[in-house]
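> Let me give you the structure first, and then I'll get to my questions.
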Amino acid sequence: MSTTRKMLTGFALLGAIVCLAFSAGKTFRELQMRRTVKRAAGFVKALEQYHQKTGRYPESPEVPIARIMATSFGSTVSSLNASDGWGRSFRYMSSGDSYVLWSVGRNGVTDRMPGGGEFENYDFDLIAVSGDVWQGPSGFF
């Protein structure tokens, strides 16, 4: 095989590897977001059940969700993972009448879109307000 042909074959192989890596990266980010959405849905369900029983949501300033789950629910929600798909703790805040539950997303920074809605960027936060998705990834709801 000629040197030129070997170089072209090498570049083609490198291009294929780059395409696969990009595709796998997107798929991995989607998997992380799916985990985040699924785990958030579990917390929303538990919080709504708590509200049905007590008429209120657990009151708290901004804290990791695990703290609320341990003090308000005990072992009844121990199967819920308190981390989002990126390994960061979900955050929770409530006045008792309503609550906000959120994940800071892939970048770990609070990114709220004005007015909420759907987004394509995995850096934006997933936000649930009293059982409704205020801001979330498009195609997941």
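The values are calculated or read from the model by the stated rules, or taken from the named source; none is laboratory data. Every value quoted in this text rests on a predicted model; they were computed, and no experiment measured them. Every residue, glycine as well, gets a Cβ built from its backbone with ideal geometry; the counts of neighbours run over all protein chains shown.
> Anything in region 45-66 that is assigned to a strand (DSSP E or B) and surrounded by 11 or more Cβ atoms within 10 Å (Cβ to Cβ)? List them, or say none.
Hits for region 45-66 are SER60, VAL63, PRO64.
> For region 57-66, indicate whether the set of residues that are at pLDDT below 75 and within 21 Å of LEU126 (Cα to Cα) is non-empty.
Scanning region 57-66, I find no residue that is at pLDDT below 75 and within 21 Å of LEU126 (Cα to Cα), so the answer is no.
> List the residue pairs whose Cβ atoms are under 8 Å apart, where the first residue sits in region 42-68 and is free of Cβ contacts under 8 Å to residues at least 60 places away in the same chain and within 14 Å of GLY96 (Cβ to Cβ), the second is exposed (fewer than 14 other Cβ atoms within 10 Å of the Cβ) and among the acidic types (Asp, Glu), and the two are 6 or more positions apart or on different chains.
Matching pairs, first to second residue: ARG56/ASP97.
> Further, regarding this structure: Which residues, counting only those in region 70-98, are under 21 Å from the mean Cα position of the chain (by Cα), modelled with pLDDT of 80 or more and not polar (S, T, N, Q)?
ALA82, ASP84, GLY85, TRP86, GLY87, ARG88, PHE90, ARG91, TYR92, MET93
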